[in-house]
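To start, the structure under review is shown below, and the notes come after it.
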Amino acid sequence: GLAAVEVKGVHLPLFPLVESNINNIDKFHARGDDVLIVNWPKSGTHWVYEVVKLLMTGREELTDSIKEGTMFPEACAVESLEKLPSPRILDTHVPLKLFPDEALKKSMIIYILRNPKDAFVSGYHHRKNLKGGTSYCGTWNGYFDLTIDENACSHQLHFSLARRLLFVHTQDLKKEVRRVAEFLGYPKSEEVYDNVTKKCSFGHMKKAKKEPKFFWKPGDSMYRKGIVGDWKNHFTVAQNEKFNAIFNEMRNKLRVSVDFEL
Ligand code: A3P
(Lines give C-alpha, C1' and ligand atoms only; values in the text may rest on other atoms or scores of the structure.)
Protein backbone atom coordinates (compact mmCIF):
# COMPACT_ATOMS: atom_id res chain seq x y z
CA GLY A 1 0.00 0.00 0.00
CA LEU A 2 0.93 3.62 0.31
CA ALA A 3 1.81 3.54 3.99
CA ALA A 4 5.42 4.35 4.87
CA VAL A 5 7.64 1.83 6.55
CA GLU A 6 9.71 2.82 9.54
CA VAL A 7 12.82 0.82 10.41
CA LYS A 8 15.17 1.81 13.25
CA GLY A 9 13.62 5.26 13.35
CA VAL A 10 14.13 5.89 9.64
CA HIS A 11 11.34 6.40 7.11
CA LEU A 12 11.86 4.15 4.15
CA PRO A 13 10.49 4.64 0.67
CA LEU A 14 7.14 3.11 -0.15
CA PHE A 15 8.45 0.66 -2.66
CA PRO A 16 7.50 -2.88 -1.69
CA LEU A 17 10.94 -4.29 -2.42
CA VAL A 18 12.31 -2.44 0.58
CA GLU A 19 9.60 -3.59 2.93
CA SER A 20 10.06 -7.27 2.25
CA ASN A 21 13.85 -7.47 2.14
CA ILE A 22 15.15 -4.85 4.51
CA ASN A 23 16.86 -7.42 6.70
CA ASN A 24 19.21 -8.32 3.85
CA ILE A 25 21.01 -5.06 4.50
CA ASP A 26 22.47 -6.40 7.76
CA LYS A 27 24.09 -9.21 5.79
CA PHE A 28 25.45 -7.02 3.00
CA HIS A 29 29.09 -7.85 2.45
CA ALA A 30 30.93 -4.84 1.02
CA ARG A 31 33.96 -4.93 -1.26
CA GLY A 32 36.49 -2.14 -1.60
CA ASP A 33 35.61 -1.56 -5.23
CA ASP A 34 31.81 -1.54 -4.82
CA VAL A 35 29.99 1.44 -6.19
CA LEU A 36 26.81 2.12 -4.31
CA ILE A 37 24.33 4.55 -5.84
CA VAL A 38 22.07 5.82 -3.08
CA ASN A 39 18.95 7.86 -3.52
CA TRP A 40 15.34 8.38 -2.69
CA PRO A 41 13.20 6.75 -5.40
CA LYS A 42 12.58 8.88 -8.49
CA SER A 43 15.72 10.95 -8.05
CA GLY A 44 17.53 9.66 -11.12
CA THR A 45 18.50 6.07 -10.25
CA HIS A 46 18.47 4.95 -13.86
CA TRP A 47 20.30 7.98 -15.15
CA VAL A 48 23.22 7.79 -12.72
CA TYR A 49 23.45 4.01 -13.02
CA GLU A 50 23.89 4.37 -16.75
CA VAL A 51 26.53 7.10 -16.39
CA VAL A 52 28.52 4.90 -13.98
CA LYS A 53 28.12 1.80 -16.11
CA LEU A 54 29.33 3.48 -19.30
CA LEU A 55 32.28 5.09 -17.55
CA MET A 56 33.39 1.92 -15.78
CA THR A 57 32.94 -0.55 -18.60
CA GLY A 58 34.11 1.75 -21.39
CA ARG A 59 31.01 0.78 -23.37
CA GLU A 60 29.61 3.27 -25.82
CA GLU A 61 26.00 2.10 -25.89
CA LEU A 62 23.34 2.05 -23.18
CA THR A 63 22.84 -1.04 -21.04
CA ASP A 64 20.06 -3.39 -22.02
CA SER A 65 18.15 -3.49 -18.73
CA ILE A 66 16.00 -6.38 -19.89
CA LYS A 67 19.06 -8.63 -20.05
CA GLU A 68 21.05 -6.97 -17.29
CA GLY A 69 18.82 -5.75 -14.46
CA THR A 70 19.95 -3.29 -11.80
CA MET A 71 20.81 -4.93 -8.48
CA PHE A 72 19.40 -3.53 -5.25
CA PRO A 73 20.96 -5.05 -2.11
CA GLU A 74 17.60 -4.72 -0.36
CA ALA A 75 15.82 -6.63 -3.11
CA CYS A 76 18.23 -9.40 -4.02
CA ALA A 77 19.07 -12.65 -2.35
CA VAL A 78 22.36 -12.29 -0.46
CA GLU A 79 23.87 -15.17 -2.49
CA SER A 80 23.16 -13.52 -5.83
CA LEU A 81 24.96 -10.37 -4.67
CA GLU A 82 27.94 -12.46 -3.60
CA LYS A 83 28.11 -14.05 -7.03
CA LEU A 84 28.36 -10.75 -8.92
CA PRO A 85 31.81 -10.09 -10.37
CA SER A 86 33.78 -7.05 -9.18
CA PRO A 87 33.48 -4.18 -9.52
CA ARG A 88 29.80 -4.23 -8.60
CA ILE A 89 27.49 -1.33 -9.35
CA LEU A 90 24.58 -1.42 -6.95
CA ASP A 91 21.56 0.80 -6.45
CA THR A 92 19.82 1.32 -3.18
CA HIS A 93 16.89 3.27 -1.79
CA VAL A 94 17.78 2.31 1.77
CA PRO A 95 19.27 5.15 3.86
CA LEU A 96 22.99 4.76 4.46
CA LYS A 97 22.44 4.70 8.17
CA LEU A 98 21.01 1.19 7.90
CA PHE A 99 24.02 -0.27 6.07
CA PRO A 100 26.72 -2.11 8.03
CA ASP A 101 29.63 0.17 9.03
CA GLU A 102 31.95 -1.84 6.83
CA ALA A 103 29.99 -0.83 3.72
CA LEU A 104 30.19 2.83 4.68
CA LYS A 105 33.94 2.59 5.10
CA LYS A 106 34.73 0.53 2.01
CA SER A 107 32.28 1.39 -0.75
CA MET A 108 32.43 4.29 -3.15
CA ILE A 109 29.10 5.96 -2.59
CA ILE A 110 27.32 8.25 -4.99
CA TYR A 111 24.40 10.05 -3.49
CA ILE A 112 21.91 11.63 -5.93
CA LEU A 113 20.51 14.99 -4.96
CA ARG A 114 17.30 15.75 -6.79
CA ASN A 115 14.91 18.31 -5.43
CA PRO A 116 12.65 16.15 -3.22
CA LYS A 117 9.61 18.01 -4.51
CA ASP A 118 10.35 16.88 -8.05
CA ALA A 119 11.00 13.33 -6.85
CA PHE A 120 7.68 13.48 -4.97
CA VAL A 121 5.78 14.51 -8.12
CA SER A 122 7.65 11.92 -10.17
CA GLY A 123 6.70 9.24 -7.63
CA TYR A 124 3.06 10.24 -7.93
CA HIS A 125 3.12 9.78 -11.70
CA HIS A 126 5.11 6.58 -11.37
CA ARG A 127 2.40 5.18 -9.11
CA LYS A 128 -0.39 6.36 -11.41
CA ASN A 129 1.25 4.95 -14.51
CA LEU A 130 1.78 1.48 -13.09
CA LYS A 131 -0.44 -1.33 -14.24
CA GLY A 132 -2.31 -3.53 -11.77
CA GLY A 133 -2.68 -3.61 -8.02
CA THR A 134 0.10 -1.25 -7.01
CA SER A 135 -1.21 1.54 -9.24
CA TYR A 136 -2.55 4.67 -7.52
CA CYS A 137 -5.87 5.92 -8.89
CA GLY A 138 -6.50 8.93 -6.62
CA THR A 139 -5.75 12.63 -7.03
CA TRP A 140 -2.50 14.53 -6.49
CA ASN A 141 -3.98 16.15 -3.36
CA GLY A 142 -4.83 12.76 -1.93
CA TYR A 143 -1.37 11.42 -2.71
CA PHE A 144 0.24 14.51 -1.20
CA ASP A 145 -1.58 14.06 2.11
CA LEU A 146 -0.87 10.34 2.27
CA THR A 147 2.84 10.52 1.57
CA ILE A 148 4.10 13.99 2.53
CA ASP A 149 5.85 12.80 5.68
CA GLU A 150 8.16 10.32 4.07
CA ASN A 151 8.71 12.47 0.99
CA ALA A 152 9.70 15.46 3.09
CA CYS A 153 12.05 13.22 5.10
CA SER A 154 13.64 11.80 1.98
CA HIS A 155 17.18 13.10 2.47
CA GLN A 156 17.51 11.76 5.98
CA LEU A 157 20.72 9.91 5.40
CA HIS A 158 23.69 10.01 7.72
CA PHE A 159 26.17 11.27 5.21
CA SER A 160 29.03 11.83 7.59
CA LEU A 161 29.40 8.12 8.29
CA ALA A 162 30.52 7.34 4.78
CA ARG A 163 34.19 7.67 3.86
CA ARG A 164 34.08 8.00 0.10
CA LEU A 165 30.98 9.91 -0.83
CA LEU A 166 30.10 12.01 -3.84
CA PHE A 167 26.94 14.08 -4.19
CA VAL A 168 25.65 14.45 -7.69
CA HIS A 169 22.96 16.84 -8.83
CA THR A 170 20.57 16.05 -11.63
CA GLN A 171 21.43 19.24 -13.51
CA ASP A 172 24.39 20.08 -15.74
CA LEU A 173 24.91 16.57 -17.03
CA LYS A 174 28.38 16.88 -18.54
CA LYS A 175 29.85 18.46 -15.43
CA GLU A 176 28.41 15.63 -13.34
CA VAL A 177 29.64 12.93 -15.73
CA ARG A 178 33.17 14.28 -15.32
CA ARG A 179 32.86 14.47 -11.52
CA VAL A 180 31.61 10.88 -11.35
CA ALA A 181 34.47 9.64 -13.55
CA GLU A 182 37.11 11.39 -11.46
CA PHE A 183 35.58 10.23 -8.19
CA LEU A 184 35.51 6.61 -9.32
CA GLY A 185 39.05 6.77 -10.64
CA TYR A 186 38.07 6.35 -14.29
CA PRO A 187 39.10 9.66 -15.82
CA LYS A 188 38.37 9.78 -19.54
CA SER A 189 38.87 11.97 -22.56
CA GLU A 190 36.65 14.89 -23.51
CA GLU A 191 35.30 12.75 -26.31
CA VAL A 192 34.16 10.02 -23.91
CA TYR A 193 32.52 12.60 -21.64
CA ASP A 194 30.68 13.98 -24.64
CA ASN A 195 29.47 10.55 -25.68
CA VAL A 196 28.33 9.56 -22.18
CA THR A 197 26.57 12.91 -21.82
CA LYS A 198 24.77 12.41 -25.12
CA LYS A 199 23.83 8.79 -24.47
CA CYS A 200 22.57 9.59 -20.97
CA SER A 201 20.53 12.62 -21.95
CA PHE A 202 16.85 12.30 -21.18
CA GLY A 203 15.85 12.34 -24.84
CA HIS A 204 18.29 9.62 -25.84
CA MET A 205 17.56 7.37 -22.86
CA LYS A 206 13.81 7.68 -23.40
CA LYS A 207 14.20 6.69 -27.02
CA ALA A 208 16.92 4.08 -26.87
CA LYS A 209 17.03 2.47 -23.44
CA LYS A 210 15.70 -1.08 -23.29
CA GLU A 211 13.65 -1.46 -20.11
CA PRO A 212 11.06 -4.06 -19.08
CA LYS A 213 7.63 -2.75 -20.10
CA PHE A 214 5.26 -5.17 -18.41
CA PHE A 215 4.50 -3.12 -15.30
CA TRP A 216 3.56 0.10 -17.10
CA LYS A 217 0.25 1.16 -18.60
CA PRO A 218 0.46 1.42 -22.40
CA GLY A 219 2.56 4.41 -23.48
CA ASP A 220 4.01 5.05 -20.00
CA SER A 221 7.54 4.38 -18.82
CA MET A 222 10.27 5.37 -16.40
CA TYR A 223 11.09 8.29 -18.70
CA ARG A 224 8.32 10.80 -18.14
CA LYS A 225 9.48 14.43 -18.42
CA GLY A 226 13.01 14.53 -17.02
CA ILE A 227 12.83 18.21 -16.10
CA VAL A 228 13.65 20.36 -13.07
CA GLY A 229 10.78 22.17 -11.37
CA ASP A 230 7.74 20.13 -12.44
CA TRP A 231 6.67 20.29 -8.79
CA LYS A 232 5.54 23.87 -9.47
CA ASN A 233 2.85 22.48 -11.76
CA HIS A 234 1.50 20.32 -8.94
CA PHE A 235 2.09 21.86 -5.49
CA THR A 236 -0.35 24.47 -4.15
CA VAL A 237 1.11 27.35 -2.10
CA ALA A 238 -0.13 25.70 1.10
CA GLN A 239 1.35 22.35 0.13
CA ASN A 240 4.69 24.02 -0.57
CA GLU A 241 4.74 25.69 2.83
CA LYS A 242 3.86 22.48 4.58
CA PHE A 243 6.55 20.57 2.72
CA ASN A 244 9.22 23.18 3.48
CA ALA A 245 8.36 23.14 7.17
CA ILE A 246 8.76 19.37 7.52
CA PHE A 247 11.83 19.22 5.28
CA ASN A 248 13.66 22.01 7.10
CA GLU A 249 12.92 20.55 10.49
CA MET A 250 14.42 17.25 9.37
CA ARG A 251 17.43 18.98 7.80
CA ASN A 252 18.18 20.88 11.01
CA LYS A 253 18.08 17.67 13.00
CA LEU A 254 20.67 16.08 10.74
CA ARG A 255 23.16 18.93 11.20
CA VAL A 256 24.60 18.11 7.82
CA SER A 257 25.31 20.82 5.39
CA VAL A 258 24.55 19.79 1.86
CA ASP A 259 24.76 22.18 -1.03
CA PHE A 260 21.12 21.94 -1.93
CA GLU A 261 18.24 24.26 -2.84
CA LEU A 262 14.61 23.40 -2.15
P1 A3P B 1 10.15 12.59 -13.99
O2 A3P B 1 9.04 11.68 -13.60
O3 A3P B 1 10.12 13.88 -13.25
O4 A3P B 1 10.23 12.80 -15.46
P5 A3P B 1 14.38 7.03 -11.16
O6 A3P B 1 15.28 6.52 -12.23
O7 A3P B 1 15.07 7.25 -9.84
O8 A3P B 1 13.14 6.22 -11.04
O9 A3P B 1 13.95 8.51 -11.59
C10 A3P B 1 13.06 8.72 -12.65
C11 A3P B 1 13.00 10.19 -12.95
O12 A3P B 1 14.22 10.59 -13.60
C13 A3P B 1 11.89 10.55 -13.91
O14 A3P B 1 11.53 11.88 -13.58
C15 A3P B 1 12.59 10.43 -15.24
O16 A3P B 1 11.95 11.08 -16.29
C17 A3P B 1 13.93 11.09 -14.90
N18 A3P B 1 15.01 10.68 -15.80
C19 A3P B 1 15.27 9.45 -16.24
N20 A3P B 1 16.32 9.45 -17.06
C21 A3P B 1 16.76 10.69 -17.14
C22 A3P B 1 17.84 11.32 -17.83
N23 A3P B 1 18.64 10.63 -18.62
N24 A3P B 1 18.01 12.64 -17.65
C25 A3P B 1 17.18 13.34 -16.86
N26 A3P B 1 16.12 12.81 -16.18
C27 A3P B 1 15.92 11.50 -16.32
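The values are calculated or read from the model by the stated rules, or taken from the named source; none is laboratory data. Given the structure is predicted, the values throughout are model-derived calculations rather than measurements. Neighbour counts run over all protein chains shown; Cβ positions are idealised from the backbone, glycine included. For the accessible areas, the whole protein counts, side chains as well, though only heavy atoms, and no ligand, DNA or RNA atoms are used. Shrake-Rupley method; radii C 1.70, N 1.55, O 1.52, S 1.80 Å.
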Next item on the list: Take the solvent-accessible surface of the protein heavy atoms, probe 1.4 Å, and return the percent of it on the chain that carbon and sulfur atoms account for.
Entry: 53
Item checked: Loop-located trypsin sites (Lys or Arg not before Pro) in the range 14-115, at most 11 other Cβ atoms within 10 Å (DSSP) -> Lys67
Notebook entry, point to check: Once a ≥ b ≥ c are taken as the square roots of the eigenvalues of the Cα gyration tensor of the range 120-262, is the result rounded (a/c under 1.5), prolate (a/b larger than b/c) or oblate (a/b not larger than b/c)?
Noted result: oblate
Notebook entry, point to check: Going down the list Lys8/Lys253; Lys117/Lys225; Lys83/Lys117; Lys174/Lys209; Lys105/Lys253; Lys27/Lys207, which pairs span over 26 Å between their C-alpha atoms?
Noted result: Lys83/Lys117; Lys27/Lys207
Notebook entry, point to check: Each residue of the range 142-149 in order: what ³J(HN,Hα) in whole Hz does its phi give by Karplus 6.51 cos²θ - 1.76 cosθ + 1.60, θ = phi - 60°, with x for Gly and Pro?
Noted result: x, 5, 4, 5, 5, 10, 4, 4
Checklist line | D (Stokes-Einstein, µm²/s), Kirkwood Cα radius, the range 162-208, 1.567 mPa s at 4 °C | finding: 113
Check: Between Ser86 and Lys225, what is the label-to-label distance in nm when each label sits 7 Å out along the Cα-to-Cβ direction?
Finding: 4.4
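When only DSSP loop residues count, what trypsin sites (Lys or Arg not before Pro) in the range 160-235 have their Cβ near at most 15 other Cβ atoms within 10 Å? Don't skip to the answer; put the middle values down first.
Numbers: sites: Arg163, Arg164, Lys174, Lys175, Arg178, Arg179, Lys188, Lys198, Lys199, Lys206, Lys207, Lys209, Lys210, Lys213, Arg224, Lys225, Lys232; in loops: Arg163, Lys188, Lys209, Lys213, Arg224, Lys225.
Passing both the DSSP loop test and the Cβ count: Arg163, Lys213, Lys225.
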Notebook entry, point to check: Across every pair of different alpha-carbon atoms, what Kirkwood hydrodynamic radius in Å does the chain reach?
Noted result: 19.1
Notebook entry, point to check: Counting GluC sites (Glu not before Pro) as exposed when in a DSSP loop with at most 14 other beta carbons within 10 Å, what is the longest stretch of the chain free of them?
Noted result: 69-260
Check: How much mean residue ellipticity at 222 nm does the chain get from its helices, if each DSSP H run of length 4 or more adds -39500 (n - 2.57) and you divide by all residues, to the nearest 500 deg cm²/dmol?
Finding: -12000 deg cm²/dmol
Note to self: I want the antiparallel fraction of DSSP beta bridges within the chain, as a percent rounded to 5.
What the structure shows: 20
Margin query: Given a 1.4 angstrom probe, what's the average accessible area per residue across the chain, in square angstrom?
Written below: 48
